[in-house]
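Worksheet for the structure shown next.
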Amino acid sequence: MSRRTRFGIAVAACAVASLTACSSLVGGTAVSVFSDPFSVAGMRATDGPSGLRPDAAEPTRKVNHTDGGAIDNLAASAVSDLEEFWSGTYSEVFEGDFQPVRALISWDAESFDGEFCGMETYGLVNAAFCKPDRTIGWDRGVLMPGLRQHNGDMGAVMVLAHEYGHAIQQQSGLVNRKTPTLVAEQQADCLAGTYMRWVAEGDSPRFSLSTGDGLNNLLAAVIAFRDPLLTEAEARYGIDEHGSAFERVSAFQFGFTDGPAACAAIDVQEINQRRGELPVLLPENESGDLEITERWVRSIVDALNTLFKPADPPKLSFRPDSAVDCPSARPSPPASYCPDTNAIVVDLPELQVLATPPDDFAVGGLAGGDNNAFSVLISRYMLALQHARGLVLDNAAAALRTACLTGVATAKMTKPVTLPSGDTILLTAGDVDEAVSGILTNGLAASDVNGESVPSGFARIDAFRVGILGDEQRCLKRFA
């Protein structure tokens, strides 16, 4: 099922986005010990190898029903590694001693010969923790190779880290039969994040994870785990929630940054507080599509003028060639901001490309749509507000401040904004996930006036979340 962003007339929304645009990376030095643009949760953001080490220690666990291939070796190595991590970490956070799962089970979802947790495995494209048996199993035929293809070794490892998180929950008593699925799933995302921090710090004897591209690819896998977009009517059938991409990435980041204790703090109250008024479900009979046209670009800017009431609102230009004439800033297509003229220059065809679904949209699982495009437009507007305050616009702090303020604007649009034209702009379910996907993959909504961003998608998304959950003053203070 495709995910589409939801800005629209009254409750209408928008089309699906291509992820073709790219920002560049800024240089410089950190500006704050609290928001180092070149760090990932206190670690330096660097590229390097990610995945199974060439000299990896052998797996310590056997796999039942294995075909002896590379996928099962990768999975056995992952579980062995997870158990080494948890054997050294569990008792520091939870009562008692760590107990490994009882068995590992592999199957091929395209084969009729298999069983896991009392189920036939034909067509079971999944990985799971079986609570009654305390076993972990995975599909070696479809799921794991697909994750490995699109997100590397660590994408496949992430799934097993999440499932082992469920085993940790059961053993520690974090969950019981009354625990909502939403809480259990995000706790497991968080617990997986704690293990991935251990790998990123170089402590794993089997895997490596770079804090640049490696972690970015891993976050893309987390986004792929998000809930399908549902209407209010569909939700009445009692489908268990796992969480949006924004929520699940946030939970993973909590674990990566703060460790297992942060995971224990995730409950219904915490999730509701984090979710706030962000829409989760589409209203009935709404497509969630809004075309990327001059009319709607103007309407988005009009809505921002209504929300922020600047003394000197930025002008709009649809002549993309004029962006090169800006003395103090380079173009950042498909939307550029020129401080000298206080103008946002939009390349409408390229903005439409950003909001067009790629042919292989389902592959990789990222959320594409109109807010991939509109979030970039919003970010250029937020540069205009920063310029009015006399802030520096061309460094790493400005890039993250822009991401943060884009989050503030996005959250404000959860309530209808009525325009003089009579149109209404409203954020609907899926918009935030599309913004997060764009911030991770192209970084344009988290870039400075020259379209330059910081290397870490983790840092970019974190800045956007600060804005979603905070306000302008919080962004200005944190990314000073």
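Suppose the chain between SER111 and THR341 were pulled fully straight at 0.36 nm per residue; how much longer would it get relative to their current alpha carbon spacing?
That works out to 76.4 nm of additional length.
Across the Cα atoms of the chain, what radius of gyration and what greatest pairwise Cα-Cα distance (Dmax) are found, in Å?
According to the Cα coordinates of the chain, Rg and Dmax are 22.6, 69 Å.
Provide the per residue accessible area, probe 1.4 Å, for the chain, rounded to a whole number of square angstrom.
Solvent-accessible surface per residue comes out at 40 Å².
Bin by bin, in steps of 10 Å, what percent of the Cα pairs in the range 302-343 do you find, going until the bin that has the longest distance?
28, 49, 24
Within the range 303-325, list the residues whose amide N lies under 19 Å from a label point set 7 Å along Cα→Cβ of ALA388.
Residues 303-317 qualify, since their backbone N sits under 19 Å from the label point.
In percent, how large is the relative contact order of the chain, given Cα pairs closer than 8 Å and 6 or more residues apart?
Over the chain, the number comes to 25 percent.
Please identify every one of the GluC sites (Glu not before Pro) in the range 66-116 that sits in a loop by DSSP and has no more than 16 other beta carbons within 10 Å of its own beta carbon.
Filter output for the range 66-116: GLU95, GLU110.
Sequence neighbours fewer than 8 away in the same chain don't count; with that in mind, list the lysines whose C-alpha is under 22 Å from LYS315.
LYS412
In whole Hz, with x marking every Gly and Pro, tabulate ³J(HN,Hα) for the range 312-318 from phi via Karplus 6.51 cos²θ - 1.76 cosθ + 1.60, θ = phi - 60°.
Per residue, the Karplus-derived 3J(HN,Hα) values read 10, x, x, 7, 10, 10, 10 Hz.
Among the aspartates and glutamates, which fall within straight-line cross-link reach of LYS62, defined as a Cα-Cα distance under 19 Å, with same-chain neighbours fewer than 8 residues apart omitted?
Cross-link targets: ASP72, ASP81, GLU83, GLU84, ASP108, GLU115, ASP133, ASP139, GLU163.
Is there a pair in LYS309/LYS477; LYS178/LYS415; LYS415/LYS477 whose C-alpha atoms are over 23 Å apart, and which pairs would that be?
With Cα atoms farther than 23 Å apart: LYS178/LYS415; LYS415/LYS477.
Over the range 53-157, what percent of the accessible surface lies on carbon and sulfur atoms, probe 1.4 Å?
That share works out to 44 percent.
What percent does the relative contact order of the range 145-270 come to when contacts are Cα pairs within less than 8 Å and at least six residues apart?
34
Only loop residues by DSSP count here, and only those with at most 13 other Cβ atoms within 10 Å; note down the chymotrypsin sites (Phe, Trp or Tyr not before Pro) in the range 72-152 that meet that.
PHE112
The values are calculated or read from the model by the stated rules, or taken from the named source; none is laboratory data. Every value quoted in this text rests on a predicted model; they were computed, and no experiment measured them. As a convention, Cβ positions derive from the backbone with ideal geometry for all residues, glycine included, and neighbour counts pool all protein chains shown. Keep in mind that these areas ignore ligands, DNA and RNA; they rest on the heavy atoms of the full protein, side chains included. Shrake-Rupley method; radii C 1.70, N 1.55, O 1.52, S 1.80 Å.
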